[in-house]
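The values are calculated or read from the model by the stated rules, or taken from the named source; none is laboratory data. Computed from a predicted structure; not experimentally measured. Glycine gets a Cβ as well: all are built from the backbone with ideal geometry, and neighbour counts include every protein chain shown. The accessibility values were calculated without ligands, DNA or RNA, using every heavy atom of the protein model including side chains. Shrake-Rupley method; radii C 1.70, N 1.55, O 1.52, S 1.80 Å.
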Amino acid sequence: MSAPVITTRNLSKTYTERVLNNINLDVQPGEIIGYIGPNGAGKSTTIKILTGIIPDFDGDATVLGLDVRKDILEIKRQIGYIPENAALYDTLTPLEYLQFIGQLYNLDSTQIERKAKELLQLFELGNYTDSRMTTFSKGMRQKVLLIAGMIHNPAILFLDEPLSGLDANAVILVKEILAQLKLSGKTIFYSSHIMDVVEKISDRIMVINKGEMIANGTFQELNAQAHSGSLEKLFTELTGNTEHQSTAGQFINILESK
Amino acid sequence: MENFVLKILDMFQGLFRLIGVNYKQLRAIVAIKLMMDNRRQIIAYQSKGKKEPGTAFLTTLLIYSLFGLFIAFVLYALPSFILSMIMFFSYIMVMIAMTLITDFSSILLDTSDNTIILPRPVDSRTLFAARLTHIMLYLGQLTLGLSLASIIVVVFKYGLFFTLCFSLGILLAIATTIFLTNGMYLVIMQFSSEEKLKNIINYFQIAMAVLVVGGYQIVPRMISRLDVANYTFEIQWWHYGLPPVWIAGSLEAIQENTFDLPHITLLTLALVIPVLGVYLVNQYLTPVFNKKLGSLGSSTEKREIRTKSEKSRVMVSISKWITTAGIERGAFEVVYKILGRDRKIKLKIYPAFGYIFVFGIVFLIQNKQDLVTTFRELPTTHYHLMLIYLTFMILQVALHEIPYSDDYKASWIYFSAPLNRPGEILSGTIKAIFIRLFIPGYILISAIVLLIWGVSAADDLLFGLFNNFLMLLIIAAIGKRQLPLSLAANIRNQSGNIARGILMVILIGTLGLLHYLLARIDFILIGAIPIQLIAIFLLHAHYKKTTWHQLTL
């Protein structure tokens, strides 16, 4: 095995209460990691620490062999990040926005313009390159964000819920893009709620719950422990919520009560 | 014009590099921010469909210099040097501080930068420098515009050398204000949550709206009553706490060549505080501020806001008194709560409270008597009727604003619910407006009226209370009937409002006049109240029966 591209040792984060508790993980180059957990489990916090958005945390973390605390600028240059809430400057056009992002990486502006136009074309936004994004649907914004996170050709890609708002065709396209990125040697760290996508594309799945890592392995390995059949069932077993059926029953009862 | 600003910025790139800033990135960030400001302003000030002008920078400058004409006139007309300077610098500093708080709180506390720029290879020094540059450019434009006319006045009145000192004073005023405002921000952020900070900023914005209107209405009238020719200014101990006095005093020292101890103290304060401030901001506040800011979006979003239940218990018992159970009560309670919580709505409606006092004072100082006599003779006048009917301003503004909301999409509920008569929602809404907004204001006005005019004014207050509600009902019934919080704020359709507006003014005027005439005869007001109540009852019943067809959607 070659040296891991992402490592954390006892990674912890405390706001008023502890949201991450001693997370240890190693990611090999070229892996696709599916990082899953219930809402508020600490997925986004982990990604924000690794991408340098949250600067103070406990424990150690390295990305591409560089210390997240010391060399964050160099790390940022080589990674891509796609945030969950479609935050972009929506009074700009996609082209202007991507130009701006390119400038922050000190990329050549004619090259950026060409790439941006071609990528927008591929995502069927070719007719919208010069329209303001205020009128864009959530799916269209998500496409622009995907391009903005990858336009500098990063070695590692962090995706936080990248498929939200995309239509079925776009989801298939993104899945395919991720698979081919992996073939070209990129590492992908991916958090999502859509279990069947995670199940299909991840080399390894990590499950966290209440800030703790509770499972880490290939789908087959995890499945062998629990005999669940699908990641969805496995997920509910692992995160300790197996009473969905009775909760649903109560729900109906309350609705019908007088 | 953005390019022009950026070209100026380019001249300082050596300076930026010197302090370790990545200039290319800074320029890109500043450029994009200016571009977005420009577009936002166009959305705010222009009707749709027009092309964006390339001269937005000049236009804004022109608008500010028009604002500045007012203070330039004060500088020109006031014979007292020190007084005119104090007024000028107070004006400039208040405007900068208010702009910083209102327009720039959103930029200072903008967390979208956290997800857009923070994941990119931009170091925090560059990002902060970019933010600060953006603010400085804006403030520079603002101050230049505001003081343009004044500078011309100063050149002609005091000569070129003094103009130089004056301009330096303006720069010092900017630095001092930025330091003080930032310091205040930091202190507030230290002790309270993001949510509280946003509330505080909200009240500043409301105060700003009142202050601007009040300043333009009252200050010129006050000056015209002051005996300005014989005004003499002596430095008091508390003047050392007022930054505008520092700068005005320093300029006086230079102009009149008086370097006694008080003047030297003021001069020292004027020079040392901003320099010290810039150093402190850079050295200590910036890192703390940035760290706080970094955690803004992430840490607090999970903290829920719990609402005190006691307050709402009072509201529930009121609603049981004045609304019928079901749809009307539901609408009453929701609108009542939102009026107290939604910052955008507060910003639009709450300044009306301040306007009452502004116009109350304006009408009071209208006649040319001196203030003492005016106050002494107040109980013999019918001026309290003016106050009673000025309070109606709250209702009028609220009724005008209540159909609009940022969450207008939530109004789907009106259409998906089995609603037979939407009139119940409308009547619940105006009652909520009346109880939540009007009553507190009216209680305050009543207290003032009773204090000055005595218990004999009580019948006027009672009659006025019902009259206000009657007027609210009338304008609600005549005006477009729109569901509360159901329209996007930017698509206001003002057509057909003028005829309605005139009709409203006539009706309100008639009711007010009626009160004035009735008030001359004892006891007749009390006798008229039952008639009022019958009118209210009938109109209310009619309004509550509003059908879907009568609504403007």
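Some values worked out for this structure:
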{"quantity": "For A:HIS244, solvent-accessible area (1.4 Å; no DNA, RNA or ligand), Å²", "calculated": "100 Å²"}
{"quantity": "Trypsin sites (Lys or Arg not before Pro) restricted to region B:75-174 and DSSP loop, no more than 14 other C-beta within 10 Å", "calculated": "none"}
{"quantity": "Modelled FRET efficiency - R0 30 Å, B:LEU15 with B:MET36, Cβ distances, 0.05 increments", "calculated": "0.75"}
{"quantity": "Using a Förster distance of 35 Å, the FRET efficiency for B:HIS400-A:SER257 (Cβ separation, nearest 0.05)", "calculated": "0.20"}
{"quantity": "For A:99-106, mean number of other protein chain Cβ atoms within 10 Å", "calculated": "6"}
{"quantity": "B:TRP548, B:TRP238, B:TRP321, B:TRP246, ranked by accessible area, largest first (probe 1.4 Å)", "calculated": "B:TRP321, B:TRP238, B:TRP548, B:TRP246"}
{"quantity": "Within 10 Å of each Cβ in B:118-129, the average number of Cβ atoms from other chains", "calculated": "5"}
{"quantity": "Cα lying deepest toward the dipole's positive end in the protein assembly as shown, options A:ASN127, A:THR16, B:HIS134, charges on Cβ", "calculated": "A:ASN127"}
{"quantity": "Percent carbon-and-sulfur accessible area, region B:310-550, ignoring ligands, DNA and RNA, probe 1.4 Å", "calculated": "69 percent"}
{"quantity": "Aspartates and glutamates whose Cα lies under 17 Å from that of A:LYS117, excluding same-chain neighbours fewer than 8 positions away", "calculated": "A:GLU96, A:ASP108, A:ASP130"}
{"quantity": "Label point at A:ALA155 placed 7 Å out along Cα→Cβ; residues across region A:45-64 whose backbone nitrogen lies under 15 Å", "calculated": "A:62-64"}
{"quantity": "Accessible heavy-atom area order of B:HIS239, B:HIS382, highest first, probe of 1.4 Å", "calculated": "B:HIS382, B:HIS239"}
{"quantity": "Amide H contacts of A:ILE54 (H built 1.01 Å from N, under 5 Å, at least 5 apart or other chain)", "calculated": "A:ILE49"}
{"quantity": "Pair B:TYR284, A:ASN106: separation of 7 Å Cα→Cβ label points (nm)", "calculated": "3.5 nm"}
{"quantity": "Dipole magnitude of chain A about its Cα centre (Cβ charges: Lys, Arg +1; Asp, Glu -1), debye to nearest 20", "calculated": "240 debye"}
{"quantity": "Residue pairs, from the table A:LYS143/B:LYS198; A:LYS43/B:LYS33; A:LYS70/B:LYS24; A:LYS43/A:LYS143; A:LYS48/A:LYS210; B:LYS337/B:LYS544, whose Cα atoms sit over 25 Å apart", "calculated": "A:LYS143/B:LYS198; A:LYS43/B:LYS33"}
{"quantity": "Net charge of Cβ neighbours under 13 Å - reference B:ILE349; Lys, Arg +1; Asp, Glu -1", "calculated": "+4"}
{"quantity": "Neighbourhood net charge (15 Å Cβ-Cβ; Lys/Arg +1, Asp/Glu -1) for B:THR546", "calculated": "+4"}
{"quantity": "Where region B:334-475 is the region considered: accessible area per residue in Å², 1.4 Å probe", "calculated": "44 Å²"}
{"quantity": "Residue-averaged beta-carbon neighbours from other chains (10 angstrom radius) around A:87-93", "calculated": "5"}
{"quantity": "All aspartates and glutamates inside 16 Å of A:LYS13 as judged from Cα atoms, apart from same-chain residues fewer than 8 positions distant", "calculated": "A:ASP56, A:ASP58, A:ASP60, A:GLU212, B:GLU301"}
{"quantity": "Cα-based shape type of the protein assembly as shown, given that a ≥ b ≥ c are square roots of the gyration tensor eigenvalues and the cut on a/c is 1.5", "calculated": "oblate"}
{"quantity": "Area accessible to solvent at A:GLU176, 1.4 Å probe radius, in Å²", "calculated": "100 Å²"}
{"quantity": "Residues whose placed amide H lies under 5 Å from that of A:ILE205, excluding near-sequence neighbours", "calculated": "A:GLY34, A:GLY217, A:THR218, A:PHE219"}
{"quantity": "Sequence of B:THR380, B:THR323, B:THR373 from largest to smallest accessible area, 1.4 Å probe", "calculated": "B:THR380, B:THR373, B:THR323"}
{"quantity": "Exposure of A:LYS186 as accessible area (Å², to 10), given a probe of 1.4 Å and all protein chains", "calculated": "40 Å²"}
{"quantity": "B:LYS344 paired with B:VAL219, simple spin-label distance in nm, labels 7 Å along Cα-to-beta-carbon", "calculated": "3.1 nm"}
{"quantity": "Calculated [θ] (222 nm, deg cm²/dmol) that DSSP helices of n ≥ 4 give over chain A, each run adding -39,500 (n - 2.57)", "calculated": "-12000 deg cm²/dmol"}
{"quantity": "Counted charge near A:GLU31, where neighbours are those whose Cβ lies closer than 13 Å (Asp, Glu -1; Lys, Arg +1)", "calculated": "+1"}
{"quantity": "Point-charge dipole on Cβ atoms (K/R +1, D/E -1) for region B:310-550, about Cα centre, debye to 20", "calculated": "740 debye"}
{"quantity": "Shape category assigned to region B:310-550 from the gyration tensor of Cα positions, a/c cut at 1.5", "calculated": "prolate"}
{"quantity": "Spacing of the two label points (7 Å from each Cα toward its C-beta) at B:LEU371 and B:LYS24, in nm", "calculated": "6.1 nm"}
{"quantity": "Förster radius 60 Å - calculated FRET efficiency between B:VAL94 and A:THR218 (Cβ-Cβ, nearest 0.05)", "calculated": "0.40"}
{"quantity": "Given charges at beta-carbon only (K, R positive; D, E negative), |dipole| of the protein assembly as shown in Debye", "calculated": "1300 debye"}
{"quantity": "Total accessible area lost when B and A pair, probe 1.4 Å, Å² to nearest 100", "calculated": "2700 Å²"}
